[in-house]
Amino acid sequence: MGIALGALLISSLLSLVFPAVIQQVVDSVLTQGDVGLLDTVTLFLLLVFLIRSITTLVQNYNLNYVGERMMVDMRLELYRHLQNLSLSFFENRRVGELVSRISSDVTVIRTALTNNVSTFLSQTFVLIGSVVVMFILNWRLTLFILALMPLVGLLGAVFGRVLRRVSTEVQDELAGATVVVEEVLQNVRVVKSFVREDYEMDRYDNAVHRAFRAAVKVLRIRSAFGPLLAFMAFGAIAGILWFGGREVLDGRLTGGELIAFLIYGLTIAGSVAALASLYTNIQEALGATRRVFQIIDTEPDVQDTPTAKTIQRAEGRITFEHVYFSYDDKQEVLQDINLDIAPGEILALVGPSGAGKSTMFNLIPR
């Protein structure tokens, strides 16, 4: 992870070199007609771009490796926790929904974290570096540009809040569609025996289209967010031309510095837009995160007591001493059961359905 962050920092800082070089080309090379200096600047730029490409490669590989490792650990932790949960938890959940949380929800979280961490750090470095350089060049023009930033932040907050709610709805509907498939595949003999193929097709069709309608809501929000950010970015560029042109006419800014300002302005606009989009992506991932941690935060109803002992060698004797058991803390299935079955002894449990026979058998391996 440290290698990835180091490569990311170097790559971000190198992206700030290009506008400064362009400024030198305009103010020195083109003005003085120095061909030798032009050759030197061009070779320097090629070297910068080469180093930036290498650091970007290192950054992308390492961050994605960390993301894949994190996804494996999260799935194992989630699966391990599911194994430890009590039967009552599974009685109130559908298998397809749980499978969806282990597969698709974890993937959403992985994608959001790896991509968003990289974007957040790189764009933050670039944004801060660009602002510092612009302050050095001309603080008046820099303050003019920064005055537009709160509008972008407000826009991202509004869109992000709505997107978080809708994204959770998408994940829930996708889980519902997965449940339908899982139920049919597990009971395919019953479906075919009763000729219910058309009925099950309609069920899945409805589930998929509900997920589609929820996804369209997300598309509408994202489609509106991008153009609004682009309009504000180009508006900022127009503002730089208007304000910066006056600074050039007043002799407080050179032509090369104005061009560098325009490039830095585009860089800042791109960074702010990326960070605003990042906010919406995080809101989208929070929906999947909530669904995953709903499982992880669930405590098992049946837990070993602190004095529980591990059986070293089983003798084959089964003993129940004053055993009580309930699935939902409302109605006790077993009440004060006392039983002792010696090794080799055969005992038959007889009773009506729901009396607790299966529960007793399930408690034996417990």
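Taking each residue of region 76-105 that is assigned to a loop (DSSP other than H, G, I, E, B) and looking for partners that are surrounded by 16 or more Cβ atoms within 10 Å (Cβ to Cβ) with beta-carbon atoms closer than 7 Å, six or more apart or interchain, yields 94/179. Can you find, within region 237-258, the residue that is surrounded by the most Cβ atoms within 10 Å (Cβ to Cβ) among those that are among the β-branched types (Val, Ile, Thr) and farther than 15 Å from residue 144 by Cα? Among them, the one singled out is 254. Here 153, 160, 176 are screened, and the one residue that is assigned to a helix (DSSP H, G or I), small (Gly, Ala, Ser), in contact with a helix residue (DSSP H, G or I) (Cβ under 6 Å, 6 or more places away or on another chain) and at pLDDT below 75 is 160.
The values are calculated or read from the model by the stated rules, or taken from the named source; none is laboratory data. These numbers come from a predicted model, not from an experiment. For neighbour counting, all protein chains shown are included, and Cβ atoms are generated from backbone atoms with ideal geometry for every residue, glycine included.
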